[in-house]
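The values are calculated or read from the model by the stated rules, or taken from the named source; none is laboratory data. Remember, predicted model here, so these are calculated numbers, not experimental data. Here the Cβ is made from the backbone with ideal geometry for all residues, glycine too, and neighbour counts use every protein chain on show. When the accessible area is computed, the model is the full protein with side chains, heavy atoms only, and any ligands, DNA or RNA have been set aside. Shrake-Rupley method; radii C 1.70, N 1.55, O 1.52, S 1.80 Å.
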Amino acid sequence: HLRLAECLRAAGDAKAAEAALRRAIEGGLDDREVWDLWAAVSLADLKRPPADLLADMPKASAGAAGVTAKPPGYAADLRWLLESLANGDSLRINSSGDDYVAKDSRPWSRDRFFLSGMLNGEGNGFPHVFTLGIENTEDDFLYQTHRWFPADQLHPRGYRFPVPPGDYEVTLHFAETYYW
């Protein structure tokens, strides 16, 4: 399904590509690559606004009768993204952390849209959550978690947000918690 949609897209038939991806998702292929391509075709090629995608988002199959559906994963993240874009909200991600409302009432989402990496001290002998006080902020919680990318990691590093083509302002917040 994914390769068929890629071929249709490359041939310039974005509508057929979107339809193939929709059939795959509704048929039970609930995979990040499929969802990412659906978003790219819909947002970039078909130039559909996020609100329209949200209203017409494919419904992932619940599975066979008597089988418990898997918990919402990437589709739920994509829904959150489309809702945020449709509402004109900023996308604030708490890298390696949970949902959080800052002291200034701005919401920060749990970690989403990462391609790989490890959480906090995973694999390097450090504690999972740092409890250091962070200078120059009232929101220590946002700076006490992080995602790190080992040098020997084979997978792509970083984050990838499926957003419409355009110019975006990106602000990164950092705190040194490794050498304290």
message: Checking residue 18 against (1) open to solvent by less than 50 Å² (accessible area, probe 1.4 Å); (2) in contact with a Phe, Trp or Tyr (Cβ under 9 Å, 6 or more places away or on another chain); (3) modelled with pLDDT under 95, only one condition comes out false. Which one?
response: (3)
statement: Here the residues within segment 104-151 that are in a loop (DSSP other than H, G, I, E, B), modelled with pLDDT under 80 and either more than 14 Å from residue 174 (Cβ to Cβ) or open to solvent by 80 Å² or more (accessible area, probe 1.4 Å) (or both) are 120, 121, 122, 123, 124, 125, 126, 127, 128, 129, 131, 133
task: Say whether the condition of being farther than 22 Å from residue 114 by Cβ, open to solvent by 60 Å² or more (accessible area, probe 1.4 Å), of a type in the set (Asp, Glu) and modelled with pLDDT under 95 is met by at least one residue in segment 45-56.
output: yes
- prompt: Taking into account only those residues within segment 74-99 that are assigned to a helix (DSSP H, G or I) and of a type in the set (S, T, N, Q), which is surrounded by the fewest Cβ atoms within 10 Å (Cβ to Cβ)?
  reply: 87
